[in-house]
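**Student:** Sharing a structure here in structure tokens format.
The values are calculated or read from the model by the stated rules, or taken from the named source; none is laboratory data. All of these numbers come straight from a predicted model, not from anything done at the bench. With ideal geometry, Cβ positions are generated from the backbone for all residues, glycine too; neighbour counts draw on all protein chains shown. Heavy atoms of the whole protein, side chains included, go into the accessibility calculation; ligands, DNA and RNA do not. Shrake-Rupley method; radii C 1.70, N 1.55, O 1.52, S 1.80 Å.
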Amino acid sequence: MIEVRWILVASVGVAALAVAGPCVAEDPGAPWPRVGGHVGAVLPLFTADSSGSHAIGNFVTIAIASGVTVKLSDAVAVDFENVVGEPLKPKGGTTGITIDPGIIYDLGPVALGLRVAYDVGQPPNLGLIPLVHKGFAVGPAAWFVEADFPVADRDGDASFTAAIHTGVSF
């Protein structure tokens, strides 16, 4: 039987493609700043914290990320992202939301960025998310793949995670 959360994940993916489809190509002569956005899925692959290290076989969390991007120039953008995470394994986890705005710098072949993260409704926490981003033009939108490396302090418990993020930007 297909679980409701998988239907939700598939629906968000289809909606992302529908939103990206009708976007108009960016006018190179348009004034700065320019507004864009993205939607995608995030899959943590590895986490290390005070309880030890955990690979994807020990836990599975699927997260849906969306954001509004303000492009300040050809190279610099400020991205206002939020991520809703749904723990699938082990069962009994709580759905969470992370607010993680950041700055992205496009180097040409790849873009590098740094986000500041805050998990809403959790004990005191703050994190930094360095990232490496690669986009591939698909008509007026782009498909992207991103490697994220969140480092966080959650009420005195430090953690490191490696995650893959993919989706559509426009």
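**Student:** How about segment 80-168: which strands (runs of 3 or more DSSP E) wholly inside it have at least 3 residues that are open to solvent by 50 Å² or more (accessible area, probe 1.4 Å) and either touching a residue at least 12 places away in the same chain (Cβ under 8 Å) or of a type outside the set (Val, Ile, Thr) (or both)? Let's see the steps before the verdict.
**Tutor:** On the way: elements: 96-99, 102-106, 111-119, 125-138, 141-148, 151-154.
Once the strands (runs of 3 or more DSSP E) in segment 80-168 are filtered for at least 3 residues that are open to solvent by 50 Å² or more (accessible area, probe 1.4 Å) and either touching a residue at least 12 places away in the same chain (Cβ under 8 Å) or of a type outside the set (Val, Ile, Thr) (or both), what remains is 102-106, 111-119, 125-138, 151-154.
**Student:** Here's a follow-up. Can you work out which of the residues in segment 65-79 that are under 14 Å from His38 (Cα atoms) and of a type in the set (S, T, N, Q) is surrounded by the fewest Cβ atoms within 10 Å (Cβ to Cβ)? Even if it seems obvious, please write down each step before you answer.
**Tutor:** Going residue by residue through segment 65-79, those that are under 14 Å from His38 (Cα atoms) are 65-71, 77-79.
Restricting the remaining residues to those that are of a type in the set (S, T, N, Q) gives 66, 69.
Numbers: Ser66: 17, Thr69: 20.
In this case the residue turns out to be Ser66.
**Student:** Another question about this same structure. If we scan segment 109-128, do we find a residue that is touching a His at 6+ places or on another chain (Cβ under 6 Å) and acidic (Asp, Glu)?
**Tutor:** no
**Student:** Considering each residue of segment 29-78, count those that are part of a strand (DSSP E or B) and acidic (Asp, Glu), and give that number. Walk me through how you get there before you give the answer.
**Tutor:** Filtering segment 29-78 for residues part of a strand (DSSP E or B) gives 34-49, 52-55, 60-71, 76-78.
Right, trim to acidic (Asp, Glu) and you get 49.
The total comes to 1.
**Student:** Something else now. Counting only residues that are touching an Asp or Glu at 6+ places or on another chain (Cβ under 8 Å), surrounded by 14 or more Cβ atoms within 10 Å (Cβ to Cβ) and in contact (Cβ under 8 Å) with a residue 60 or more places away in the chain, which one in segment 41-62 is farthest from Gly113 (Cα to Cα)?
**Tutor:** Checked segment 41-62; the qualifying residue farthest from Gly113 (Cα to Cα) is Asp49.
**Student:** Just to be sure before I move on: is Gly36 buried (at least 17 other Cβ atoms within 10 Å of the Cβ) and farther than 24 Å from Ala162 by Cβ in the structure I sent?
**Tutor:** yes
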